[in-house]
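The values are calculated or read from the model by the stated rules, or taken from the named source; none is laboratory data. Note that the structure is predicted; figures quoted are calculated from it, not measured. Methodologically, a virtual Cβ is constructed for each residue, glycine included, from the backbone with ideal geometry; neighbour enumeration extends over all protein chains shown. Protein only, heavy atoms only, side chains kept; ligands, DNA and RNA dropped before computing areas. Shrake-Rupley method; radii C 1.70, N 1.55, O 1.52, S 1.80 Å.
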Amino acid sequence: MSAIRIAMLNMKGGVGKTTLAVNLAWHLFKAGKHRVLLIDLDPQFNASQYLMDYESYANHVATQGTIATLLIDQPDLAIKKKKSKKSIKSSIVKIDEGDQGSVFDFLPSQLALAHVVKNPAQMDYKLEKLIEPVQDNYDCIIIDCAPTDSVLTTMALNASNFILAPMRPDRFSVLGFANLIDTVNRFRDNASNPNNVRELGIVFTQVRGDSSVETECMKNVRKEAGRSSFYVFDSELGFSNTFIRAVQDQTPVFETKWARDDLKDNVNAIVDELKNRISELLQDSEEE
């Protein structure tokens with residue numbers, strides 16, 4: 001069975017999208033014993049900086065390539081000899097490997113990925129085709145998308161079964177949700193099979209839980225989501241300075257020694273609700 005493919009999507013930066021994407025991947029691998037591939041599809045390559053130290057990252061970019069190398073035909077101007085063609089298998093980094101066949105693999109990104117946005121012709125299905133040779137090797141593929149509506153977004157949606165929208169509960173959330181809905185609707189208007197990707201819903205991130213303004217923002221988002229029949233997760237990811245430590249140590253947030261129990265429980269609850277939500281949508285698809 002092909003992997004479940006999830007696009008982590010929000011048109012606004014700074015919402016904890018990459019943090020959630022990386023930690024969901026880690027949790028699915030560690031606690032769920034799943035085979036997971038995380039793809040960094042953002043020219044800002046934040047997930048790559050989270051998961052790889054500078055030396056190993058620079059060496060990997062130079063020798064094995066990134067998602068940008070695979071998507072862009074880059075002529076070598078320095079030498080006339082034909083470069084060896086990179087493959088997705090050689091460009092994937094093994095972050096961790098566990099028992100029962102579980103694995104956490106990662107396909108890094110780099111700034112050069114921005115060239116795809118400048119030259120979008122015939123790129124819409126390139127990520128989907130790129131994933132095909134390896135998709136049966138995984139139970140779940142998570143795509144960390146760029147926070148812009150571009151051909152990168154179209155590529156991610158064409159390659160995905162589901163959309164998960166991390167959202168920070170601030171005063172920009174309602175506007176951000178409207179932009180997200182607009183992006184998804186435009187994609188569906190132009191997609192050959194608009195039912196291929198379905199909304200898992202919104203997950204609130206960086207929730208402090210001590211502000212009336214935050215509570216009001218979340219209430220407004222739920223209201224707007226209801227009008228669009230867009231699911232909102234009951235589980236939330238709380239704010240914590242532990243995230244900074246986790247990135248520094250290149251570890252899951254729920255394994256840092258400073259992590260509070262409630263933060264660990266947050267990640268567990270989100271994953272459980274995510275799995276239930278996927279099961280519901282897959283069952284609905286079978287019944288249609």
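Quick grid of which residues meet (1) part of a helix (DSSP H, G or I); (2) free of Cβ contacts under 8 Å to residues at least 12 places away in the same chain; (3) open to solvent by 20 Å² or more (accessible area, probe 1.4 Å); (4) closer than 16 Å to Gly201 by Cα:
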position	(1), (2), (3), (4)
Ser2	no, no, yes, no
Ile6	no, no, no, yes
Gly13	no, no, yes, no
Asn23	yes, no, no, no
Lys33	no, no, yes, no
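Could you check, for region 225-236, whether at least one of its residues is over 27 Å from Ala47 (Cα atoms), of a type in the set (Asp, Glu) and modelled with pLDDT of 85 or more? No, region 225-236 contains no residue that is over 27 Å from Ala47 (Cα atoms), of a type in the set (Asp, Glu) and modelled with pLDDT of 85 or more.
Could you tell me whether Asp136 is under 25 Å from Glu286 (Cβ atoms), open to solvent by 30 Å² or more (accessible area, probe 1.4 Å), in contact (Cβ under 8 Å) with a residue 24 or more places away in the chain and not in a helix (DSSP H, G or I)? Taking the combined requirement at face value, the residue does not satisfy it. Looking across region 251-286, just one residue is part of a loop (DSSP other than H, G, I, E, B) and under 21 Å from Ile141 (Cβ atoms), and that is Pro252.
There is no residue in region 96-106 that is out of contact with any Lys or Arg (no Cβ under 6 Å at 6 or more places or on another chain), of a type in the set (A, V, I, L, M) and touching a residue at least 12 places away in the same chain (Cβ under 8 Å). Against the list (1) open to solvent by less than 20 Å² (accessible area, probe 1.4 Å); (2) in a helix (DSSP H, G or I), the condition Leu164 fails is (2).
For region 167-203, the set of residues classified as within 20 Å of the chain's Cα centre (by Cα) and either of a type in the set (Asp, Glu) or in a strand (DSSP E or B) (or both) consists of Met167, Asp182, Arg198, Glu199, Leu200, Gly201, Ile202, Val203, listed by residue number. Within the option set Asp99, Asp124, Asp149, Asp76, being at pLDDT below 90, in contact with a Ser or Thr (Cβ under 8 Å, 6 or more places away or on another chain) and open to solvent by 50 Å² or more (accessible area, probe 1.4 Å) holds for one residue only, Asp149. With respect to the conditions (1) out of contact with any strand residue (DSSP E or B) (no Cβ under 9 Å at 6 or more places or on another chain); (2) among the basic types (Lys, Arg); (3) modelled with pLDDT of 95 or more, Lys94 lacks only one, and its number is (1). Scanning region 167-206 for residues that are at pLDDT 90 or above and in contact with a Gly (Cβ under 8 Å, 6 or more places away or on another chain), we see that the one that is surrounded by the fewest Cβ atoms within 10 Å (Cβ to Cβ) is Thr205. Residues of region 219-238 that are in a helix (DSSP H, G or I) and open to solvent by less than 20 Å² (accessible area, probe 1.4 Å): Val221, Ala225.
For region 208-217, which positions are under 19 Å from Asn10 (Cβ atoms) and surrounded by fewer than 20 Cβ atoms within 10 Å (Cβ to Cβ)?
Filtering region 208-217 for residues under 19 Å from Asn10 (Cβ atoms) gives 208, 214, 217.
Passing the criteria: only Arg208.
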